[in-house]
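The next block holds one structure in the form of structure tokens; read it before the comments.
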Amino acid sequence: MANFTKTQMLYEDQYTWRRDGGDGPYIGKIDRDRLDRDEGYEVLDFANSCLKSGVGVEALHKFERLLREKLPSNVVMKNQIIDFLNKNW
């Protein structure tokens, strides 16, 4: 597991760093299984859990680019995103 910080993120200033207006109250499993790509804390946590310890910041930036530029907008479930990342890395 990687340990990147907010300041290392490529799109740091383009994320929301709190739950955004489209979010309802936390409802458990579905919130754990879905990724809101607008919320920086969710993307950062997901990136840290997916990337291996010791990889460079370039891997974080590649991860972010794939999410932002390549991942279809209708793909929101983390297991589907992991499949996409594995196929497109």
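Every read-out reported here was derived from the displayed coordinates using simple, explicitly stated rules and does not represent laboratory data. Being a predicted model, the structure only gives us computed values, none of them experimental. For neighbour counting, all protein chains shown are included, and Cβ atoms are generated from backbone atoms with ideal geometry for every residue, glycine included.
Taking 0.36 nm per residue of separation and subtracting the Cα-Cα distance, what length does fully extending Thr5 through Asn86 add? Don't jump to the answer; show the numbers that get you there.
Values: separation 81, 0.36 × 81 = 29.16 nm, distance 2.27 nm.
Stretched out fully, the Thr5 to Asn86 stretch lengthens by 26.9 nm.
When only the Cβ of Lys, Arg, Asp and Glu is charged (+1, +1, -1, -1), the dipole of region 6-88 relative to its Cα centre reaches about 300 debye. Selection among Tyr41, Ser73, Met1 by position relative to the dipole of the chain gives Met1 as farthest towards the positive end (Cβ unit charges, Cα centre).
The Stokes-Einstein estimate for region 6-88, based on a Kirkwood radius over Cα pairs and taken at 4 °C with 1.567 mPa s viscosity, is a diffusion coefficient of 97 µm²/s.
If you average the sequence gap of Cα pairs under 8 Å that are 6 or more apart and divide by the length of region 6-88, what percent do you get for the contact order?
Numbers: 56 pairs, mean separation 28.6, N = 83.
The normalised contact order for region 6-88 reaches 34 percent.
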